[in-house]
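Worksheet: one structure, shown below.
The values are calculated or read from the model by the stated rules, or taken from the named source; none is laboratory data. Everything numeric here is computed off the predicted structure, so don't read it as measured data. Using ideal geometry, Cβ is built from the backbone for each residue, glycine included, and neighbour counts are taken over all protein chains shown. Surface areas here come from the heavy atoms of the whole protein model, side chains and all, with no ligands, DNA or RNA. Shrake-Rupley method; radii C 1.70, N 1.55, O 1.52, S 1.80 Å.
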Amino acid sequence: AAALSALAWGALPLIAIRVIGSLEGAATGAASMALVMRSFDRSERVKAMGWWSLVGAGGPVIGVVLGGLVLESVGWRWIFAAQVPLILIAFIIGSVVLSETDTLPPQKFDIAGAVTLSLGITALLFAINRGPEMGWGHPVVIASFVLCPVLLYAFVLAERRSDAPLISLDYLKKPAFALPVAASALANAAYMGGFIVTPLLLQKVYGYSEQKIGLLVIARPLTFSLLSPVAGYLAVKIGQRTSAVAGTLFVVSSMGLFASLGATAPNMLIIGALSLSGVGLGISQPSISAGVANAVEDQDLGVASAAQQLMQNVGIVSGIQIMTSVQPSLAPGAVGVAALDSFRVAYMVGGAICLVGVLFALGVKNEHRKPAPHPELMDSF
């Protein structure tokens with residue numbers, strides 16, 4: 001997919017190739033998280049997810065910095081061409097280092113569940129995406145919103161009848177599983193919604209250049225990346241629930257700080273608001289991910305990781321679309337101070353979304369550490 005993207009002969013072929021390439025992300029994302037979870041004791045998983053988040057958030061930071069240089073120096077095709085040797089190296093290392101997991105007995109794939117779930121989620125995202133363009137009262141948009149719960153109900157019926165469901169409905173009934181998944185989706189909705197809205201704010205209201213905007217917004221993922229490993233160890237000390245709640249509250253605070261910006265804003269204040277979001281997700285995400293994993297049996301870790309990433313992506317797309325739709329709808333075409341209030345409302349909407357996520361984060365279960373062996377027992381060894 002990377003090689004074909006570099007050779008793409010038009011916009012539509014490039015989009016189609018990137019869709020195919022996204023299959024890799026869907027597969028390796030869930031599988032890598034599951035492999036990490038299987039390698040650690042339940043009480044230590046939050047530490048491991050801290051390091052996992054470091055790489056997951058740190059990679060894009062490097063990509064943004066290097067990608068901008070490549071784009072300006074030699075053109076966009078080389079961004080994809082450069083991925084080919086990196087992917088081959090990852091393939092070789094993975095083949096040598098990663099151990100295979102036990103597979104379940106052969107079973108029939110849950111086609112009905114996969115189709116109804118995919119169509120239900122697609123209907124929701126399509127309606128949110130097209131609403132601002134076509135109008136929220138457009139028949140197609142209304143029909144998509146109506147189809148979403150109908151198809152998701154059909155998914156539930158399909159799972160009840162399936163001998164090998166995509167995901168056990170019993171897990172969806174467990175607060176220790178469902179609530180952290182919802183918290184992750186809502187926190188990421190505000191985080192990524194703010195990530196997209198902020199460059200527009202800096203450009204339209206404060207007149208920043210693209211280069212300056214690029215340097216400033218790196219503060220958010222960089223803080224997320226650097227803090228995640230520390231947050232994993234901190235969660236062991238203060239509890240995963242406390243970490244999850246505190247982290248989502250930091251994201252809410254970030255939205256509030258952006259909403260309070262005036263006609264002029266010092267760069268350090270903007271960096272501080274960006275960093276608050278990074279701190280928030282860096283603290284909360286390892287605990288939430290570990291909480292989801294600890295709520296299921298080991299053989300279902302891949303399914304649990306996939307479910308979390310699915311809902312997280314739904315939250316990301318929804319948050320971006322909602323927050324970027326609020327601003328232009330309130331002040332279409334406005335720039336400068338005239339657009340400031342519309343951005344404030346967008347950030348307040350993001351904060352409200354994440355505030356609901358704080359309530360769901362209360363459902364993250366603390367995983368108690370195993371007591372250390374008795375010193376006399378250790379001496380006998």
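Given the pairs Lys47/Lys174; Lys108/Lys173; Lys212/Lys237; Lys108/Lys365, which are separated by over 28 angstrom at their Cα positions?
On the way: Lys47/Lys174 24 Å; Lys108/Lys173 24 Å; Lys212/Lys237 39 Å; Lys108/Lys365 33 Å.
Check vs 28 Å cut-off fails for Lys212/Lys237; Lys108/Lys365.
Can you tell me which of Ala187, Ala290, Ala48 moves the most in a GNM of the chain? Springs connect C-alpha atoms under 10 Å apart.
Maximum among the listed residues: Ala48.
Along the range 146-155, what does the Karplus equation 6.51 cos²θ - 1.76 cosθ + 1.60 (θ = phi - 60°) give for ³J(HN,Hα), rounded to whole Hz, x for Gly and Pro?
5, 5, 4, x, 5, 5, 5, 5, 5, 4
Pairs of alpha-carbon atoms within less than 8 angstrom and 6+ residues apart define the contacts here; what relative contact order does the chain have, in percent? Don't skip to the end; give the middle numbers.
Details: 554 pairs, mean separation 100.6, N = 381.
Relative contact order, the chain: 26 percent.
Taking amide hydrogens as modeled 1.01 Å from N in the peptide plane, which residues meet the under 5 Å criterion relative to Ile218, leaving out close sequence neighbours?
Residues meeting the amide H criterion: none.
Would you compute, from DSSP H runs of 4+ residues alone, the mean residue ellipticity of the chain at 222 nm, taking -39500 (n - 2.57) per run and dividing by the full residue count, rounded to the nearest 500?
Values: 16 runs with 297 residues, N = 381.
Per the formula, -26500 deg cm²/dmol.
May I ask you to rank Val141, Val115 by accessible area, largest first, using a 1.4 Å probe over the protein chains only?
Val115, Val141
Please calculate how many Å² of accessible area the chain carries per residue, with a 1.4 Å probe and no DNA, RNA or ligand atoms counted. Spell out each step's value before the answer.
Working: 20000 Å² over 381 residues.
It amounts to 52 Å² per residue over the chain.
Among the trypsin sites (Lys or Arg not before Pro) in the range 63-138, which ones are in a DSSP loop with at most 14 other Cβ atoms within 10 Å of the Cβ? Mind listing them?
Working: sites: Arg77, Lys108, Arg130; in loops: Lys108.
Here the trypsin sites (Lys or Arg not before Pro) that fit, given the DSSP loop and packing criteria, are Lys108.
Calculated FRET efficiency, Ile196 and Ile142, Cβ-Cβ r, R0 35 Å, to nearest 0.05?
Details: r = 26 Å, r/R0 = 0.73.
Plugging the Cβ-Cβ distance into 1/(1 + (r/R0)^6) gives 0.85.
Return the loop-located trypsin sites (Lys or Arg not before Pro) in the range 133-208 (DSSP other than H, G, I, E, B) with at most 13 other Cβ atoms within 10 Å of their own Cβ; answer none if there are none. Don't jump to the answer; show the numbers that get you there.
Values: sites: Arg160, Arg161, Lys173, Lys204; in loops: Lys173.
Listed in order of number, the matching sites are Lys173.
Using the Karplus curve 6.51 cos²θ - 1.76 cosθ + 1.60 with θ = phi - 60°, what ³J(HN,Hα) values do you get for each residue of the range 226-239, in whole Hz, with x for Gly and Pro?
For the range 226-239, the Karplus-derived couplings read 6, 7, 4, x, 4, 4, x, 6, 5, 4, 5, 7, 9, x Hz, x marking Gly and Pro.
Can you sort Thr242, Thr264 by solvent-accessible area, 1.4 Å probe, largest first?
Details: Thr242 70, Thr264 120 Å².
Of Thr242, Thr264, the descending order of accessible area is Thr264, Thr242.
With charges only on Cβ, +1 for K and R and -1 for D and E, what is the dipole size of the chain about its Cα centre, in debye, rounded to 20? If you can, show how the numbers build up before the last one.
Values: 21 positive and 19 negative charges, 131 e Å.
Roughly 620 debye, rounded to the nearest 20.
Please return the longest range in the chain lying between exposed loop sites, taking GluC sites (Glu not before Pro), DSSP loop only, at most 16 other beta-carbon atoms within 10 Å, and leaving the sites out. Intermediate results must be reported in sequence, preceding the final value.
Numbers: sites that count: Glu100, Glu297.
No qualifying site falls inside 101-296, the longest such stretch.
If R₀ is 22 angstrom, what is the calculated FRET efficiency for the pair Met348 and Gln203, using the beta carbon separation as r and rounding to 0.05?
Step by step, r from the Cβ atoms, then E = 0.60.
To the nearest 0.05, how large is the calculated FRET efficiency for Ala114 and Met268 if R₀ is 51 Å and r is the Cβ-Cβ distance?
Values: r = 48 Å, r/R0 = 0.95.
That pair, Ala114 with Met268, gives E of 0.60.
Got a number for carbon plus sulfur as a percent of the chain's accessible area, 1.4 Å probe? Mind dumping the intermediate values first?
On the way: 14090 of 20000 Å².
Carbon and sulfur: 70 percent of the exposed surface of the chain.
Quick check on the range 35-91: take the gyration tensor over C-alpha atoms, sort the square-rooted eigenvalues as a ≥ b ≥ c, and tell me if it's rounded (a/c under 1.5), prolate or oblate. Provide the component values of the computation, followed by the final result.
Numbers: a/c = 6.63, a/b = 2.36, b/c = 2.81.
Taking the square roots of the gyration eigenvalues as a ≥ b ≥ c, the range 35-91 is oblate.
Rounded if a/c is under 1.5, else prolate if a/b beats b/c, else oblate: with a ≥ b ≥ c from the C-alpha gyration tensor eigenvalues square-rooted, which is the chain?
On the way: a/c = 1.39, a/b = 1.26, b/c = 1.11.
Rounded, because the longest to shortest axis ratio a/c is under 1.5.
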